[in-house]
Amino acid sequence: MHPNPVFHDADAARNMGFARDRGFGTLAINAEDGPLMSHIPFLLNAEGTVAELHLVRSNPIVRALKRPVAARIAIQGPDSYISPDWYGVADQVPTWNYVAVRLTGSLELRPQEELHDLLDRQSAMFENRLAPKAPWKTAKMSEGVMDRMMRMIVPCRMQVTGIDGTWKLGQNKPEDVRKSAAENVTAHGIGAEVDVLAALMMGARSTG
């Protein structure tokens, strides 16, 4: 995460809400030859204390879970390159604005009999956002197919002990300078969800 405390002005509720709404991130654990990482959907409970997820049984992370291990989930939000010319003032340098939240905790395997309920809740979280479409449910699967597919994956749970977020939105710039950059992000941004990032930059509180 960015070390400047100016970019850590989001409270715990905002960071938790962002992670919960996003529901997708990069899981990482330490290993002998370097970090093991996997891109995973997850569920974060209301208190922000438990993240539930599933992994393919052949995933190297699963083989490392003979006991609970320290883990992190990094959740990436909108981002964009920021050109110095967009500020409208002299002596600026290029940078990258972004939002990212990180969950820290202990990851463990869970009993296989918990898997079906987890998958039902995971799919419901996103299917319910697709209204007016009727939500897809595992009950729509042909008899026996779901059971065969579930043999290939395992449920996991991370006890979350820390949540931190970087909301790098130009808070260290004067308001007019930050808003000038935001307008150019909308028009010329290079990154992901640049319109979302620009709106966040417009609403940020300057400290510079």
Practice prompt. Take the alpha-carbon centre of the stretch 1-40, take the same for the stretch 123-198, and report the distance between them in whole Å.
Written response: 12
Discussion item. Taking 8 Å as the Cα distance limit and 6 or more residues as the minimum spacing, I'd like the relative contact order of the stretch 1-158 as a percentage.
Written reply: 24
Discussion item. Place a point 7 Å from Cα of Ile190 in the direction of its Cβ. Which residues in the stretch 80-97 have their backbone N less than 20 Å from it?
Written reply: 80-89, 91-97
Practice prompt. In nm, give the distance between the simple-model label positions of Asp91 and Gln76, each being 7 Å from the Cα along the Cα-to-Cβ direction.
Written response: 3.4
Worksheet item: Which of the trypsin sites (Lys or Arg not before Pro) across the stretch 21-124 are loop residues per DSSP, with 16 or fewer other Cβ within 10 Å?
Response: Arg57, Lys66
Worksheet item: Taking Rh as the Kirkwood radius, which is the inverse of the mean 1/r over Cα pairs, what is the Rg/Rh value for the stretch 82-208?
Response: 1.19
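What is the stretch 1-120 by shape, rounded, prolate or oblate, if you read a ≥ b ≥ c off the alpha carbon gyration tensor as root eigenvalues and call it rounded for a/c under 1.5, prolate for a/b larger than b/c, and oblate otherwise? If you can, show how the numbers build up before the last one.
On the way: a/c = 2.70, a/b = 1.98, b/c = 1.37.
Prolate.
Select from the stretch 65-94 those chymotrypsin sites (Phe, Trp or Tyr not before Pro) which occupy a DSSP coil region and have at most 13 other Cβ atoms within 10 Å, ordered by residue number. Don't jump to the answer; show the numbers that get you there.
Working: sites: Tyr81, Trp86, Tyr87; in loops: none.
The qualifying sites: there are none.
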Discussion item. Taking a ≥ b ≥ c as the square roots of the Cα gyration tensor eigenvalues, with a/c under 1.5 meaning rounded and otherwise prolate when a/b beats b/c, else oblate, which class fits the stretch 77-117?
Written reply: prolate
Practice prompt. Express in nm, to one decimal, how much length is gained between Leu43 and Lys133 on full extension, taking 0.36 nm for each residue of separation and deducting their alpha carbon distance.
Written response: 30.2 nm
Item to complete: Sketch the reach of a paramagnetic label on Ala64 as a point 7 Å from Cα along Cα-to-Cβ, and name the residues of the stretch 1-34 whose backbone nitrogen lies under 11 Å away.
Response: 27-34
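Between the DSSP loop rule and a limit of at most 14 other Cβ atoms within 10 Å, which trypsin sites (Lys or Arg not before Pro) in the stretch 141-186 are left?
Working: sites: Arg148, Arg151, Arg157, Lys168, Arg178, Lys179; in loops: Arg151.
When the trypsin sites (Lys or Arg not before Pro) of the stretch 141-186 are filtered for loop state and at most 14 Cβ neighbours within 10 Å, Arg151 remain.
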Discussion item. Take the chain, mark every one of the GluC sites (Glu not before Pro) that falls in a DSSP loop and has at most 12 other Cβ within 10 Å, then report the longest stretch left between them, sites excluded.
Written reply: 48-142
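Read the figures in this text as sums done on the coordinates, not as results from a lab. The structure displayed is predicted, hence computed values, not measured ones. Neighbour counts are summed over all protein chains in view; Cβ atoms, including those assigned to glycine, are modelled from backbone coordinates with ideal geometry.
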